[in-house]
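Shown next, in structure tokens, is the structure this report addresses.
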Amino acid sequence: MADLAVIRSPAEETILTRYPAFKARQNHWGGPAVARLRDAAFDVLKANGLPTRRVEEWKYTDLRSFMRDLPEPFDAHTPELVEAAKAAAPSLAVADAVPFLFVNGRDFSTVKEEGFSWDRLEQGKAQAPSVEAALQRARPYADNAAVALNSAFMSDTTIVRILAGTKLERPLHLVFRELGTAPFATFPRVLVVVEEGASVTLLESHDGPDGVAYQTNTLVEIEVGDGASVEHVRFNGAGDAALSLSTLGVRLGRETRFATLAVATGAAVSRHQVFATFAGEGTQAWIGGASLLRRRQHCDNTLVIDHAVPHCQSRELFKSVLDDESRSVFQGKIIVRPHAQKTDGKMMAQALLLSEAAEADSKPELEIFADDVVCGHGSTAGALDEELLFYLKARGIPHKEAEALMVQAFVGEAVENVQNETTRDAVMDAVAKWLEARA
């Protein structure tokens, strides 16, 4: 009987050869717990490799094909690099936000504000009980390929803790900025713990240079305590040659209010994953997205909504605008566990195709194991309404402006769910800039 040899891609070979040296360089922080987490993630990558279209949840985004190689994890931070990052304006500009600056994956924040604490995970350092519980909790998405890659090559973990009962007036802004002229890789990781009864608006923006084939893989986890409220907005303005992987892991306590919007205009290839678990009754969550794509961009929004307890509500709304030869992917799954009676979940994905060469793939799913629920999903894809376009042009509006108005209205259905006014205006400004560049 002939032996079967495992054929690995160049990126998979690079992962296997770079990991031991990377681990040795990073052994100074985190302690045994982080070492075990990193080794377990590496074992997942070694056993499974990078996912291909044969893996169902990666059917439309063949990561093995897109990730031809893994550049060296960036580790050449200099004062000049940090100063250059501080001088640049973020793609999502919210003037009153409190910034946390990440330069090429590393946290360089110097935040001193009341109502929350900011720290880095360090070996032997005592953490608040809420933070310790979040760190020790099992993650149902740990074996996901993007999460495993982040865990294996993470070089730091930032911890943001919103103190119990605090109502933060100013948004907190995680500014992820990549700088460089040659390919590199970054693996930032952030844990946000929102304690009981607290309220916060959390922003993320991701920026980087055009023409540089860098890779970034971000994991942001949000633990929402009982009675807390969180609004989260993520903006992907990565460079036009970048590969951008991001994961949002959310655990929702009892009677919480949570909303997240993922907006994407950048990166050659991007995949944003949301894993949300309802762990307490009486909770409401809204999860949305707005992708504006052109040229040959590929953007994947994948989410798993796990209703593990009764009496919760979830709403999902994703909008994609596609021009030229771009491609959007939506994969959404709502799971209702056997004891999660009285669940109310609805999901919708809509794509607007501005070009005949554009492609939109959509796969909404329901897995329902309870019998007293209200759940549904839908998906649409089509071109601009010619009658409405004619109506606008007949009133003297030029063709491109008429198209822009219709696109803004289409995307605005998702963006209008953002409650923070300055953030909502900043997102619509970014949409307007995309439309101006298209014109």
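Laboratory data are not the source of any read-out in this text; all were calculated from the coordinates shown. Remember, predicted model here, so these are calculated numbers, not experimental data. Ideal geometry is used to build each Cβ from the backbone, glycine not excepted, and the neighbour counts take in all protein chains shown.
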inquiry  = Suppose R0 equals 25 Å. What FRET efficiency, 1/(1 + (r/R0)^6) with r the Cβ-Cβ distance, do E436 and E83 give to the nearest 0.05?
reply    = 0.25
key: Packing-based exposure ordering (other Cβ within 10 Å, fewest first) of T260, T14   = T14, T260
inquiry  = Over the chain, with a Gaussian network built from C-alpha contacts below 10 Å, which listed residue (A11, A138, A262) shows the highest mean-square fluctuation?
reply    = A138
request  = Grab the other residues whose beta carbon is less than 12 angstrom from that of K363, score K and R as +1, D and E as -1, and report the net.
outcome  = -3
inquiry  = Please give the Cα centre distance for the range 15-40 versus the range 83-122, rounded to the nearest Å.
reply    = 26
ask   = If you take the beta carbon distance between E386 and R68 as r and set R0 to 51 Å, what does 1/(1 + (r/R0)^6) give as a FRET efficiency, to the nearest 0.05?
value = 0.80
key: Contour minus Cα-Cα distance for D240 and N27 (0.36 nm per residue)   = 73.3 nm
query = Hey, what do the phi angles of the range 230-243 turn into as Karplus ³J(HN,Hα) couplings, whole Hz, using 6.51/-1.76/1.60 and θ = phi - 60°, x for Gly and Pro?
reply = 9, 10, 10, 10, 10, 10, 9, x, 5, x, 6, 10, 7, 9
message = Can you tell me which of V212, V103, V269 moves the most in a GNM of the chain? Springs connect C-alpha atoms under 10 Å apart.
response = V212
note = Note, E413: beta-carbon cut-off 15 Å, +1 each Lys/Arg, -1 each Asp/Glu, net +1
ask   = What nm distance separates the two modelled labels at K59 and E325, each placed 7 Å from Cα along Cα→Cβ?
value = 2.5
Residues listed by number, the range 196-216, amide nitrogen under 20 Å from T181 label point at 7 Å toward C-beta = 208-215
remark   = Computed for the range 3-67: size of charge dipole around the Cα centre, +1 on C-beta of each Lys and Arg, -1 on C-beta of each Asp and Glu, debye to nearest 20, value 200
ask   = Counting other Cβ atoms within 10 Å, which trypsin sites (Lys or Arg not before Pro) in the range 22-57 have at most 12 and lie in a DSSP loop?
value = R54
Alpha-carbon radius of gyration plus Dmax, which is the widest Cα pair, for the chain in Å = 21.4, 76
inquiry  = Under a Cβ-only charge scheme (Lys and Arg +1, Asp and Glu -1), can you give me the dipole magnitude of the chain about the Cα centre, in debye to the nearest 20?
reply    = 700
inquiry  = Based only on other Cβ atoms within 10 Å, what is the fewest-to-most ordering of K319, K363?
reply    = K363, K319
ask   = Separation between the I7 and D119 pseudo-spin-labels, each 7 Å from Cα along Cα→Cβ, expressed in nm?
value = 5.0
query = How much net charge surrounds K23 when only the other residues with a Cβ under 12 Å from the Cβ of K23 are counted, with Lys and Arg +1 and Asp and Glu -1?
reply = +3
query = Ranked by Cβ crowding within 10 angstrom, fewest neighbours first, how are M428, M348 ordered?
reply = M428, M348
inquiry  = Using helices alone, I'd like the mean residue ellipticity at 222 nm for the chain: each DSSP H run of four-plus residues gives -39500 (n - 2.57), total over residue count, nearest 500.
reply    = -7500 deg cm²/dmol
